[in-house]
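K.L.:
Pasting a structure here, questions to come.
The values are calculated or read from the model by the stated rules, or taken from the named source; none is laboratory data. Just so you know, these numbers come straight off a predicted model, no measurement behind them. Glycine gets a Cβ as well: all are built from the backbone with ideal geometry, and neighbour counts include every protein chain shown.
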Amino acid sequence: MDIVTVKRGDTLALLVKRKNFDGSPRTGEASKLKSQIKNSKDILAAEFVITETNVPGDYSFVVNATITETLPLGNYNCDIQFSDGGFVQSTETFKIIVEKDVTEHE
């Protein structure tokens, strides 16, 4: 993931696949994952709700539309952090761009 685009007022949803080195799925880790969206001043804008899907190793990362509706248009930074005991590891930072929604929501 380098850049993710969302329209303001739309649900931001990502699917993240977690695998072991041998390629087998990593399961039961939703509570060990965290992902925040921050603006250029490092101020928290939103946090993903993370749940495990029915597919082993697949995790759903969601920011509700009511939250994206409040985000100012622009560029944000994000990463995904895994924490287990004293072990902490983060992905590379990726960009989230919030764009104007052309069609109005009801």
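K.L.:
Assuming Thr70 fulfils every condition listed in (1) touching a residue at least 24 places away in the same chain (Cβ under 8 Å); (2) out of contact with any helix residue (DSSP H, G or I) (no Cβ under 7 Å at 6 or more places or on another chain) apart from one, which condition is it?
P.N.:
(1)
K.L.:
What are the residues in segment 1-44 that are small (Gly, Ala, Ser) and under 12 Å from the mean Cα position of the chain (by Cα), if any?
P.N.:
Ala13, Ser35 - these are the residues of segment 1-44 that are small (Gly, Ala, Ser) and under 12 Å from the mean Cα position of the chain (by Cα).
K.L.:
Every residue in segment 94-106 that is exposed (fewer than 12 other Cβ atoms within 10 Å of the Cβ) and not aliphatic (A, V, I, L, M), please.
P.N.:
Lys100, Thr103, Glu104, His105, Glu106
K.L.:
Evaluate segment 14-32: report whether one residue or more is in contact with an Asp or Glu (Cβ under 6 Å, 6 or more places away or on another chain), on the phi > 0 side of the Ramachandran plot and either of a type outside the set (Ser, Thr, Tyr) or surrounded by fewer than 15 Cβ atoms within 10 Å (Cβ to Cβ) (or both).
P.N.:
No, every residue in segment 14-32 fails to be in contact with an Asp or Glu (Cβ under 6 Å, 6 or more places away or on another chain), on the phi > 0 side of the Ramachandran plot and either of a type outside the set (Ser, Thr, Tyr) or surrounded by fewer than 15 Cβ atoms within 10 Å (Cβ to Cβ) (or both).
K.L.:
Okay, moving on. Collect the residues in segment 52-64 that are buried (at least 17 other Cβ atoms within 10 Å of the Cβ), out of contact with any Asp or Glu (no Cβ under 8 Å at 6 or more places or on another chain) and more than 15 Å from Lys19 (Cα to Cα), keeping them in residue-number order.
P.N.:
Within segment 52-64, just Phe61 meets the criteria.
K.L.:
A further question follows. Test of understanding: among Ile80, Ile67, which residue is buried (at least 16 other Cβ atoms within 10 Å of the Cβ), part of a strand (DSSP E or B) and modelled with pLDDT of 95 or more? Before the answer, list the steps.
P.N.:
On the way: Ile67 fails: part of a strand (DSSP E or B).
Selected residue: Ile80, the only one of Ile80, Ile67 that is buried (at least 16 other Cβ atoms within 10 Å of the Cβ), part of a strand (DSSP E or B) and modelled with pLDDT of 95 or more.
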